[in-house]
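Notes for the one structure printed next.
The values are calculated or read from the model by the stated rules, or taken from the named source; none is laboratory data. For clarity, every value in this text was computed on a predicted model and none was experimentally measured. Note that each Cβ is placed from the backbone with ideal geometry, even for glycine, and that neighbours are counted across all protein chains shown.
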Amino acid sequence: MKKLVALFVILAAFLSLNNSTTFSQPQIKVHVTGGYNLPLPDLKGDLNTAADSNTYMMKQGFGFGADAKYYLGKKRNVGITLGLGYQMFSNSADSSTALGVTNVKGKLNAFNFGLGVEYNFMPKGKTQPFLGAEFTGHFFSGDAEATSFGTTTKRTLKSASRFGVAVGGGLDFKLGKSVGAIVGVKYHLANLLGKAYDSTGLGSTEFALDDKEHTMNGATVSAKNISYIQMYAGVSFFFNEPKKMKK
């Protein structure tokens, strides 16, 4: 963590080296972002690998969202953050068997929110490095389907809610008084709280998230962590900034 903080500060200082203008920190920031999600074990897996059968077998993901940040005190380097987003993970593979080729697809989607705190290391700079932590909620949906000989069989994930944490950081670039750009990275552990095994009440075309340790056919199935790295970029909007700028 100390190395990451140092990296952000050094990079911000380098980018601001030839900048003679400093800005007062706006009290409110709003960001609209999109990016790539990298699934981690146990979310990541290969559809054609038996060893990955106890994962969610996702290959890649994308997401988009928005957040608002309200900064406190005179220095305005500590902020309260609230974010909303939609994350999409998927995988697809063809399996060749004696009966022909079967195409298998899987999707796992989630509406998510985050409530947290943030520290801005250079609130008056044009380039502002920050670190933050959040309490998060993910509301999952998804499906799995297999197509063989022109016939498709589809099963739907029973809706599930999980709660967890996210930590990350990034750089907020101030391109003007009221607009800028942001890049960042965030680690999510989506199901720190609320893991469950649902063996009842499922329809014939439903399946459950089943991330809690359980026993199936006499064998113990390990608990699963739903975690991923989110890399994002977007547009920043600044509000309630003092009118005067220091030269």
**OP:** Give the residue that is modelled with the lowest pLDDT, with candidates limited to residues of the stretch 187-202 that are among the hydrophobic types (A, V, I, L, M, F, W, C) and in a loop (DSSP other than H, G, I, E, B).
**Re:** Leu202
**OP:** Looking only at the stretch 50-75, count how many residues are in a loop (DSSP other than H, G, I, E, B) and either crowded, with 20+ Cβ neighbours inside 10 Å or under 21 Å from the mean Cα position of the chain (by Cα) (or both).
**Re:** 4
Original post:
Of these, Lys154, Lys195, Lys174, which one is under 22 Å from the mean Cα position of the chain (by Cα), over 14 Å from Gly114 (Cβ atoms) and not hydroxyl-bearing (Ser, Thr, Tyr)?
Top reply: Lys195
**OP:** Give the residue that is surrounded by the most Cβ atoms within 10 Å (Cβ to Cβ), with candidates limited to residues of the stretch 87-108 that are modelled with pLDDT under 85 and of a type in the set (Ser, Thr, Tyr).
**Re:** Thr102
**OP:** Specify which of the listed residues (Gly137, Gly168) is within 18 Å of the chain's Cα centre (by Cα), within 24 Å of Gly35 (Cβ to Cβ) and touching a residue at least 60 places away in the same chain (Cβ under 8 Å).
**Re:** Gly168
Original post:
Restricted to the stretch 203-247, and to residues that are in contact with a Lys or Arg (Cβ under 6 Å, 6 or more places away or on another chain) and in a loop (DSSP other than H, G, I, E, B), which residue is modelled with the lowest pLDDT?
Top reply: Thr205
Original post:
Do we find a residue being free of Cβ contacts under 8 Å to residues at least 60 places away in the same chain, outside any loop (DSSP other than H, G, I, E, B) and crowded, with 18+ Cβ neighbours inside 10 Å anywhere in the stretch 144-155?
Top reply: no
**OP:** Determine which member of the set Leu40, Leu82, Leu47 is surrounded by 14 or more Cβ atoms within 10 Å (Cβ to Cβ), within 14 Å of His188 (Cβ to Cβ) and either aliphatic (A, V, I, L, M) or in contact with a His (Cβ under 6 Å, 6 or more places away or on another chain) (or both).
**Re:** Leu40
Original post:
Among the residues of the stretch 195-207, is any under 23 Å from Glu134 (Cα atoms), surrounded by 14 or more Cβ atoms within 10 Å (Cβ to Cβ) and not acidic (Asp, Glu)?
Top reply: yes
